[in-house]
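So the structure is just underneath, and the comments pick up after that.
The values are calculated or read from the model by the stated rules, or taken from the named source; none is laboratory data. Model, not experiment: these values are computed from the prediction. Positions of Cβ are backbone-derived with ideal geometry, glycine not excepted, and every protein chain shown enters the neighbour counts. Note: accessible area is taken over every heavy atom of the protein model, side chains too, but ligands, DNA and RNA are not part of it. Shrake-Rupley method; radii C 1.70, N 1.55, O 1.52, S 1.80 Å.
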Amino acid sequence: MKTTLLSLIICISSFSFAQPVHPSDESRKIQIAILFDTSGSMDGLIEQAKSTIWKIVNIASKMSDKGKAPQLEIALYDYGNDEIKTPNWIRKRTDLIADLDSISGQLFSLKTNGGTEYCAAVIESSINDLKWSTKPTDLRLVYIAGNEPFNQGPIDYKKILKIAATKDIIVNTIYCGPYDQGVKEFWYDGAQQTQGSYFNIESNDAIKHIDTPYDKEIISANDSLNKTYVGYGRDGLYRASKQATEDQNASSKGYAVMSERAEAKSKSNYKNGSWDLVDGIEQGNVKLDSIRVEDLPAELKGKTKEEQTKYIENKKMERTKYQNKIGELSKKREEYIAEEMKKINESDAKKDLGSAIIESLVATAQKTGFTVE
C-alpha cells in the first residue's frame with residue numbers, strides 16, 4: 001500500500017512540475033494599426049505607403065527581446081473617402097493579422113476619392129473593433145495619417161484617446177503638410193494624449209530609393225524561394241498566385257522595394273502555414289496524415305507517405321538555403337545604402353510615411369525592452 005501511494009505521489013509530482021509554458025517563454029507581439037486618409041488629396045500618401053511597407057516589416061523583424069523576434073500583426077483602415085458607405089466614412093481593410101501578403105494586397109487596392117475626414121471616429125473604430133492584446137509586455141501602436149483638422153467630426157478626440165491610453169495603445173499622428181499647420185490643427189496635441197509621436201511629412205514627394213549592386217541577385221534568389229512553396233487545400237493555388245501578385249506589386253515600385261519584400265520573405269514573420277505545407281507542418285497547422293488526397297498538391301499525389309515527407313523536407317532545406325542567401329545579400333545591401341546615405345546632406349533628407357513610422361517604432365520598442373539589429 002505504501003509503495004503504491006509513494007508511486008502515485010511521484011507520478012503526480014512529475015506531472016505537476018513538468019516544464020510549464022510561462023508567458024515569458026512566448027514571443028512578444030508588436031501590433032500596428034495604420035489609418036490612412038484616402039480623400040482626394042492623398043494619392044501621394046498611398047504611394048509612399050506602397051513603397052515603404054516592406055521596410056517597416058523588416059525593421060520589426062530585426063527586433064528581439066531575450067533573443068526572440070516579436071510576432072508582428074498589422075491592421076489597415078482607410079477613412080475620409082466618399083466611396084465608403086459607412087457611418088463617418090470609415091472602412092476596416094483588415095483586422096490585426098500576421099498575413100503579410102493580405103496586408104500588401106489591401107494596401108495596393110487603396111484608392112482616393114473626395115470625402116470628409118474624421119480622425120477621432122476612425123481612431124475610435126480601431127480601438128474598439130480590433131483584437132488588441134491585453135498582455136502588458138506587448139506593444140500596441142496606432143499610426144494615423146491625414147491632412148484635415150484633427151478635431152473634425154462628431155467625436156471628441158481627447159475622450160477616445162483617453163480610452164486608448166487606458167488600454168496602453170499609443171496613438172502616433174502623421175500630418176501631411178507643414179509642421180506648424182499640423183500643430184494648429186491639433187495633430188500634435190492628439191499625439192500627446194497617449195505619449196505618442198507627432199510627425200509632419202510631404203506626402204506628395206515620391207520616395208527616393210537607392211538601388212544597389214545586390215538587388216538583382218536578391219530578386220533572383222526570391223524567384224527560387226517561391227519554388228519552395230507547396231500549396232495544399234482549397235486555398236493552395238490561389239494563395240500561391242497571390243504571393244506572385246504581391247511580388248509583382250512590389251516590383252512595380254522598383255528594385256529597392258522588391259528587394260525589401262524579398263528580405264521580409266526570408267524572416268520569421270513571413271508565415272504561410274494556412275496554405276503552404278512546409279510552413280504548415282513546421283508550425284503545427286497540418287499533418288500529412290490528416291490531409292485528404294484531393295487536397296494534396298499534384299506533385300504529392302500518388303506518392304507514399306515516406307516520399308511525401310522526403311519531398312517536404314527537401315523543400316524546407318531549399319527554402320532555408322535561399323532565405324539565408326537573401327539574408328546575407330540584404331546585409332550587404334544595407335551596408336551599401338548606409339555608405340551612400342553618408343553622401344546625402346541631412347537637410348535634404350525629408351521625412352516620409354515610412355521613415356516617420358520606423359523612427360517612432362524603433363524608439364518605442366527600445367523603451368519597452370526590445371533591441372534592434
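Of note:
- One residue stands out among those in segment 219-240 that are part of a helix (DSSP H, G or I) and open to solvent by 60 Å² or more (accessible area, probe 1.4 Å): the one that is farthest from LEU353 (Cα to Cα), which is LEU237.
- Only one entry in ILE163, ILE127 is among the aliphatic types (A, V, I, L, M), assigned to a helix (DSSP H, G or I) and open to solvent by 50 Å² or more (accessible area, probe 1.4 Å), namely ILE163.
- Taking segment 226-242 as the range and being more than 21 Å from GLN308 (Cβ to Cβ) and in contact with a helix residue (DSSP H, G or I) (Cβ under 7 Å, 6 or more places away or on another chain) as the test, only LYS242 passes.
- Members of segment 169-187 found to be open to solvent by 90 Å² or more (accessible area, probe 1.4 Å) and either hydroxyl-bearing (Ser, Thr, Tyr) or in contact with a Ser or Thr (Cβ under 9 Å, 6 or more places away or on another chain) (or both), listed by number: TYR179
- Annotation note: Cβ proximity below 7 Å between a residue of segment 309-328 that is more than 25 Å from ILE59 (Cβ to Cβ) and at pLDDT below 95 and a residue that is open to solvent by 80 Å² or more (accessible area, probe 1.4 Å) and part of a helix (DSSP H, G or I) (sequence gap 6+ or interchain) occurs for no pair.
- Residue match in segment 294-314 (condition: in a helix (DSSP H, G or I) and in contact with a Ser or Thr (Cβ under 8 Å, 6 or more places away or on another chain)): no
- Test: residue in segment 245-257 that is within 18 Å of SER102 (Cα to Cα), surrounded by fewer than 18 Cβ atoms within 10 Å (Cβ to Cβ) and either in contact (Cβ under 8 Å) with a residue 40 or more places away in the chain or in contact with a Phe, Trp or Tyr (Cβ under 6 Å, 6 or more places away or on another chain) (or both): yes
- Residue satisfying all of: in segment 329-356; free of Cβ contacts under 8 Å to residues at least 12 places away in the same chain and under 24 Å from the mean Cα position of the chain (by Cα); least open to solvent (accessible area, probe 1.4 Å) among these: ALA338
- For segment 209-218, the set of residues classified as under 22 Å from the mean Cα position of the chain (by Cα) and either open to solvent by 40 Å² or more (accessible area, probe 1.4 Å) or under 21 Å from VAL278 (Cα atoms) (or both) consists of HIS209 only.
- Selection from segment 54-69 of residues that are within 13 Å of LEU361 (Cα to Cα), in contact with a Leu (Cβ under 9 Å, 6 or more places away or on another chain) and open to solvent by less than 30 Å² (accessible area, probe 1.4 Å): ILE56, VAL57, ALA60, SER61, MET63
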